[in-house]
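Undergrad: Here it is, the structure, as C-alpha cells.
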Amino acid sequence: MRTANALSRFNPVQSGARGMKIVATGLLVAMALVFFAARAFEPAYPGLGYVKAFAEAAMVGGLADWFAVTALFRHPLGLPIPHTAIIPRNKDRIGESLANFLKENFLIPTVVARRMRKLDVAAAAGRFLQTPAGHGTRIRAGASRLIADVFESLDDERLGGIVKGAISTRLRNAEVSPVLGHALASAINEDRHVPMLEATIRWLARALDANEPLIREMVHKKANWALKLAGLDAKLADAIIDGLRKLTTEMSTDPAHPVRVKIEEALVQLANDLQTKPETRDRVEAIKNQLLDNKSVGLWLDTLWQKGRESIIRAARNPDAVLAGKLGEILQSMGGTLEKDARIRAAINQFARRAVVGMAASYGGSIVKLVSETVRGWDARTVTARLESAVGRDLQYIRINGTLVGGLVGLILYVVDKL
C-alpha cells in the first residue's frame, strides 16, 4: 500500500484512460465484424472488396499494436511468450539504469559544478522570500509540492541513515574543543554566563530544599553513637543545611562572593584550556566520540531527523503559513537584502555551489544506491499497474492509430493490386 501511494504521486492516472481502452478494443472488434460482413457479401457486391481489404489490414494493425502495448506490461493472453512482460521482468534493470542516469547527468561533481555556476540561488531565494503570503506563485506551489512529495516518498530509513551518517561523520571529523572554548570565552567577556550561573545557584537551592530529609538521614547514619545519644546529630544536620542555604542565598545576591568568583575563575581557565591545552582537548574529543557511539545519541539523532523531516513536509505543504506574521516580515526583509546586496549574494551562491558539489562527491554513490534499491524493493505488479495507468490514454491512441493506419495501408495495397 505504501508503494502504491508513493508511486501515485509521481505517476498520476491519465483521465479517460479506461474509456480510450474501450474505444480501441471496440474499434478492433468493429473491424472484425466489418471484415466478416464484407467477406460474406463480396460475391454479390464486388465493391465490398475495398471494404474487406481495409478491415482486414486494420485488424492486423490493431492486433499487432495490441500485442506490442500489452507485451510492455504483461504476457499477452497469459502466455509466456519470449520478450513480453518487459517492464516487470526488467524492473530491477530499469531502476539501475535510472540510478546511473541520475549519477552521470546530475551527481558527478564536475557536472554539478558546471550547472551550479548558471544558477543564482541567492537571488531565487530572495524573490521567493519577498513574495507576500497569500500571493504564492505557481513556481512556489510546484516546488513546495515537489519537496513534500520527495521527502514523503523516499525510503525514510535509508535516507535517514544517510543524513545521520553525514552528521555523525562531520561531528567526528570536527574538533569541537576550540569552538567550545571560544564560545565560553565570548560568553564570559560579554557577561552572558551570568544568567546561567544564577540559574544554577537557584537550582542548587531548590535541590537542597527538596533533599533536606535525605541530608538529615545521611548525617544521622554517619554520626557516632555519642552524638546520637546526646541528640547532636539533628543539630549537626540543622547546621549543615542552614549553612548550605545561607551559602546559596549569599551567592545569589552577592556578585563578588568568594565562591562565585572562584567558579568564574574556573570557567575562564576552562575556556583557555579548551583552546590551548592539548590534554583538555584530547579529553573533550574522547568524550565526544563516546557520546557519538552511545545508543541514546543515535536515538536522539533519529528523533531529530524525524522532527526535521516532518517540519520540512509541513512547511512545504503550506508555504504561505511560513511566510505569514512577524516571521514573514523578517523573511521578506532578508529576501530584499539577498536581491540587492551583490556581495552577500555572491557569497551565498559560492557556499551553495560548494555544498552541493561536496554532497555530490561524498554522497552521490549513496543516493544512486538509494534510488536503485528503492525501485528494486517496489512490487512489480504495482509498478506495472501505475506505469500503465500513467500513460494509458497514449497507449490506447497507439492502438487506434495502428488500426486506422493499418487499414489505410491495406486499402492502398488493394487498390494498387487492382490497377
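The values are calculated or read from the model by the stated rules, or taken from the named source; none is laboratory data. Everything numeric in this text was worked out from a predicted model, so none of it was measured. Here the Cβ positions follow ideal geometry from the backbone for every residue, glycine too, while neighbour counts run over all protein chains shown. Side chains are part of the model used for accessible areas, which takes the heavy atoms of the whole protein and leaves out ligands, DNA and RNA. Shrake-Rupley method; radii C 1.70, N 1.55, O 1.52, S 1.80 Å.
Undergrad: What residue, of Val34, Val60, Val29, is modelled with pLDDT of 90 or more, crowded, with 19+ Cβ neighbours inside 10 Å and part of a helix (DSSP H, G or I)?
TA: Checking each option against the conditions leaves just Val34.
Undergrad: Could we say that Gln269 is under 21 Å from Leu197 (Cβ atoms), modelled with pLDDT of 85 or more and open to solvent by 80 Å² or more (accessible area, probe 1.4 Å) here?
TA: Judged against the criteria, Gln269 is a match.
Undergrad: Go through the range 102-128 residue by residue and tally those that are open to solvent by 50 Å² or more (accessible area, probe 1.4 Å), outside any helix (DSSP H, G or I) and over 29 Å from Asp341 (Cβ atoms).
TA: Summing the residues that are open to solvent by 50 Å² or more (accessible area, probe 1.4 Å), outside any helix (DSSP H, G or I) and over 29 Å from Asp341 (Cβ atoms) in the range 102-128 gives 1.
Undergrad: Select from the range 95-105 the residues that are of a type outside the set (Gly, Ala, Ser) and in contact (Cβ under 8 Å) with a residue 60 or more places away in the chain and list them in ascending order.
TA: Selection gives Glu96, Leu98, Asn100, Leu102, Lys103.
Undergrad: Going through the range 190-212 one residue at a time, which ones are modelled with pLDDT under 85, open to solvent by 90 Å² or more (accessible area, probe 1.4 Å) and over 15 Å from Ile263 (Cα atoms)?
TA: Glu190
Undergrad: Out of Val409, Val405, Val356, I need the residue that is under 24 Å from the mean Cα position of the chain (by Cα), hydrophobic (A, V, I, L, M, F, W, C), at pLDDT 80 or above and open to solvent by 30 Å² or more (accessible area, probe 1.4 Å). Which one?
TA: That would be Val356, the only listed residue that is under 24 Å from the mean Cα position of the chain (by Cα), hydrophobic (A, V, I, L, M, F, W, C), at pLDDT 80 or above and open to solvent by 30 Å² or more (accessible area, probe 1.4 Å).
Undergrad: Could you identify the single residue in Ile86, Ile22 that is modelled with pLDDT under 90, in contact with a helix residue (DSSP H, G or I) (Cβ under 7 Å, 6 or more places away or on another chain), open to solvent by 50 Å² or more (accessible area, probe 1.4 Å) and not acidic (Asp, Glu)?
TA: Step by step, each of Ile86, Ile22 is checked, and only Ile86 is modelled with pLDDT under 90, in contact with a helix residue (DSSP H, G or I) (Cβ under 7 Å, 6 or more places away or on another chain), open to solvent by 50 Å² or more (accessible area, probe 1.4 Å) and not acidic (Asp, Glu).
Undergrad: Pick from Val322, Val284, Val297: which is of a type outside the set (Phe, Trp, Tyr), at pLDDT below 75 and touching a Leu at 6+ places or on another chain (Cβ under 9 Å)?
TA: Checking each option against the conditions leaves just Val322.
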